[in-house]
Amino acid sequence: MTASGTGPSDAALRERAARVIPGGMYGHLNAALHGPTYPQFFVRGEGCRQWDADGREYIDLMCSWGPIVLGHRHPKVEEAAARQLAQGDCLNGPGPVMVELAELLVDLVPSADWAMFSKNGTDATTQALMVARAATGRTKVLKAHGAYHGADPWCTPSPAGTTPNERADLIEFTYNDLASAEEAAARADGDVAAIIVTPFKHDAFEDQELADPEFVRGVRALADRIGAALVIDDVRAGFRLDLRGSWERYGVRPDLTAWSKAMGNGYAIAAVTGTDALRDAATTLYSTGSFWFSAVAMAAAKATIETLRDEDGIAAMEHAGRLLRDGLEEQARAHGFTVRQTGPVQIPWLSFEGDTTLEKGMYFSAACLRHGVYLHPWHNWFLSAAHTEKDIKQALEGTDRAFAETRAHFGAG
């Protein structure tokens, strides 16, 4: 191990990267943001496990920050991708699989009458707002304060390299506060093209918050009343909570949904789905990318969604997530800690009571690393259908040791 706590191969790669990549790394995958013991480089994934550049094995409770939903290198997904790759990937036009994938989404998602594809979650959220503006002829967008919708200038969490004009058409409200959303709409003075909202509040550095059913229904009614499109940003939660869309459980359907992350089990793909009322507006967009129509990722996405559907992958994630949550609660109590576990069990996060600076959370997550469990101190975690009871039991053995080390360092309470 090096002085920083990372292995020699990882340290050498960081040194090389610093010479040819700005800052050596950038964005939320920059391990320097997570703590000095976090590895930056990984070489292999299998099922619910990853290996870093120094060969250390971890039970993966981040699932590559969400894209892995069936487990790394799932055989059905890899077979579908390989079969398509043997025929061609980036061609003069899309393969037939694009139509098949769109048909699958339209059949599966009640709010989807059509689908458009791209590569990243940012592509999808931006595209959805373009459709809403094209349909309404309006400019303003209502969004929750602190909500993450991507990395383009209109939504990036960092103002670096952006101008105030690029955010001038955003009006913020407080998540789960319907009165706040109503007030934001009033400030727009009839110029709201869209209300964009996540299925639950999953902002970094703070406890997650499930959507209040009254808020969900109220936002739908507000959008209808002012003639705006309701956009669900299902990039993070999509295909983990409900294959039909994350607000189906509330009986509320959006006009537009942005999808990505888990859609292709690690292959780069995103989508926007929408209703017939917005089809003509979507047709008018010039929205494209050199690799948006690559067939391999579409084949992987089709196999991923079909496997989740046919093998009840969401139930498997719920089961694993419940075992993890119950085990962590019991361990925390045994070691004298009060913790909060928030969000759906498939997309969990743990925080320590009173740990406003996340000092305990950072120490605990670093201790988990030492015992072969990869989770995160300030970003929500992710479960996959590959997490078995045996895997969760092993992960809990690691977290139990981490709780013990955290208590030894900080004391109980």
Under 7 Å between Cβ atoms, which residue pairs at least 6 apart in sequence (or on different chains) link something in the range 377-401 that is in contact (Cβ under 8 Å) with a residue 40 or more places away in the chain with a partner that is assigned to a loop (DSSP other than H, G, I, E, B) and of a type in the set (F, W, Y)?
W378/F205
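Would you check which residues across the range 98-113 are without any contact (Cβ under 8 Å) to a residue 40 or more places away in the chain and either surrounded by 18 or more Cβ atoms within 10 Å (Cβ to Cβ) or under 21 Å from the mean Cα position of the chain (by Cα) (or both) and list them? Walk me through it before giving the result.
If we filter the range 98-113 for residues that are without any contact (Cβ under 8 Å) to a residue 40 or more places away in the chain, which is where we start, we get 99, 102-103, 107.
The answer is A102, and nothing else.
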Could you tell me whether D60 is touching a helix residue (DSSP H, G or I) at 6+ places or on another chain (Cβ under 7 Å), within 20 Å of M362 (Cα to Cα) and buried (at least 18 other Cβ atoms within 10 Å of the Cβ)?
no
Restricting to the range 331-351, what's the tally of residues that are among the polar types (S, T, N, Q), touching a Gly at 6+ places or on another chain (Cβ under 9 Å) and farther than 13 Å from G411 by Cα?
2
In the range 69-110, what residues are under 22 Å from Q50 (Cα atoms) and not in a helix (DSSP H, G or I)?
V69, L70, G71, H72, R73, H74
Residues of the range 265-291 being under 13 Å from S118 (Cα atoms), touching a strand residue (DSSP E or B) at 6+ places or on another chain (Cβ under 9 Å) and crowded, with 20+ Cβ neighbours inside 10 Å, which ones?
I269, A270, A271, V272, T273
For the range 27-44, indicate whether the set of residues that are assigned to a strand (DSSP E or B), at pLDDT 95 or above and crowded, with 16+ Cβ neighbours inside 10 Å is non-empty.
yes
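For (1) on the phi > 0 side of the Ramachandran plot; (2) out of contact with any Gly (no Cβ under 8 Å at 6 or more places or on another chain); (3) not acidic (D, E), each residue gets a yes or a no:
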site	(1), (2), (3)
C63	yes, yes, yes
E78	no, yes, no
A82	no, yes, yes
Q87	no, no, yes
N92	no, yes, yes
V97	no, yes, yes
L104	no, yes, yes
L108	no, yes, yes
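The values are calculated or read from the model by the stated rules, or taken from the named source; none is laboratory data. Bear in mind that the values here come from a model prediction, so they are computed numbers and not experimental data. So basically every Cβ, Gly included, is an ideal-geometry build from the backbone, and we count neighbours across all protein chains shown.
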